[in-house]
1. Which numbered condition in (1) modelled with pLDDT of 75 or more; (2) within 26 Å of ALA184 (Cα to Cα); (3) surrounded by 18 or more Cβ atoms within 10 Å (Cβ to Cβ) is the only one that GLU92 fails?
2. Mind listing just one residue for me: the one in the stretch 36-57 that is surrounded by fewer than 20 Cβ atoms within 10 Å (Cβ to Cβ) and of a type outside the set (A, V, I, L, M, F, W, C) and, of those, farthest from THR106 (Cα to Cα)?
3. Could you tell me which residue of the stretch 171-196 is modelled with the lowest pLDDT, considering only residues that are of a type in the set (Phe, Trp, Tyr) and under 15 Å from LEU134 (Cα atoms)?
4. Can you tell me which of (1) buried (at least 20 other Cβ atoms within 10 Å of the Cβ); (2) modelled with pLDDT under 75; (3) over 19 Å from ILE118 (Cα atoms); (4) within 15 Å of the chain's Cα centre (by Cα) is the one PRO19 doesn't meet?
5. Name the residue that is nearest to the chain's Cα centre (by Cα), counting only residues in the stretch 1-16 that are buried (at least 20 other Cβ atoms within 10 Å of the Cβ) and within 18 Å of GLN140 (Cβ to Cβ).
6. Condition first: outside any helix (DSSP H, G or I) and on the phi < 0 side of the Ramachandran plot. Now tell me which residues in the stretch 122-152 satisfy that.
7. So LEU158 clears everything in (1) crowded, with 22+ Cβ neighbours inside 10 Å; (2) modelled with pLDDT of 80 or more except one condition, right? Which one?
8. Specify which of the listed residues (ALA44, ALA55, ALA33, ALA25) is at pLDDT below 85 and in a helix (DSSP H, G or I).
Amino acid sequence: MSVGAFLGIMVLMFLLELPDKTMVATIVMSTRARPTSIVMGASAGFVVQMGIAVAAGSALTLLPARPKELVIAALFLGGAAYLLFVPEKVEEREGEREAQRERVGTRWKEVTTAFSVIFLGEFGDLTQIQAANLSAKTHQPVEVFVASSLAMIAVSFLGAFGGRALQRIVPLRFIRLGGGVVFAVLGLYTLVEALR
């Protein structure tokens, strides 16, 4: 995988996670606990989920070429539809609800709480699905895992230390719109290639 492709995956996954409920949960948890604890727990949760996603993507590569490409196109287009048509307010409410359910206390409790919230919140999440998708598309699971994990760790830092300020500067609807357009283009391109 080229450096450009690696960085492209990092940027894409980073941007996809910004308007997500787990980003909102990270922001809310950081208002109730030490940001460093939230970063450690959230980062660990994200990394484990990226490992699960890449393993699922590797399983997708076992499909014959055309069905695999059709599944990948459907995942991209589904992600685009989600980003373009599900309002960010829904994500915000879900993230806040998940974070508020948890009680924090000691540093260890803060870390494990952040890990639990992110780990559970990421199951079936858009970034997890797209990490699986990218792993299947590129046939380079290790590189996708590392790029996606680094992006998720960066999101953890941003959410814990500056998430509220970021939301004032760049509205979530613009981030969602950009991600949706990118996914729509990738999905249509993959679909056209699969049908050729």
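1. Just one mismatch for GLU92, condition (1).
2. GLY51
3. Ranking the candidates gives PHE183 first.
4. (3)
5. Checked the stretch 1-16; the qualifying residue nearest to the chain's Cα centre (by Cα) is MET13.
6. Those that are outside any helix (DSSP H, G or I) and on the phi < 0 side of the Ramachandran plot: PHE123, ASP125, GLN140.
7. With (1) crowded, with 22+ Cβ neighbours inside 10 Å; (2) modelled with pLDDT of 80 or more applied to LEU158, the lone miss is (1).
8. Only one candidate passes the filter, namely ALA25.
The values are calculated or read from the model by the stated rules, or taken from the named source; none is laboratory data. All figures in this text were calculated on a predicted structure; none of them were measured in a lab. Ideal geometry is used to build each Cβ from the backbone, glycine not excepted, and the neighbour counts take in all protein chains shown.
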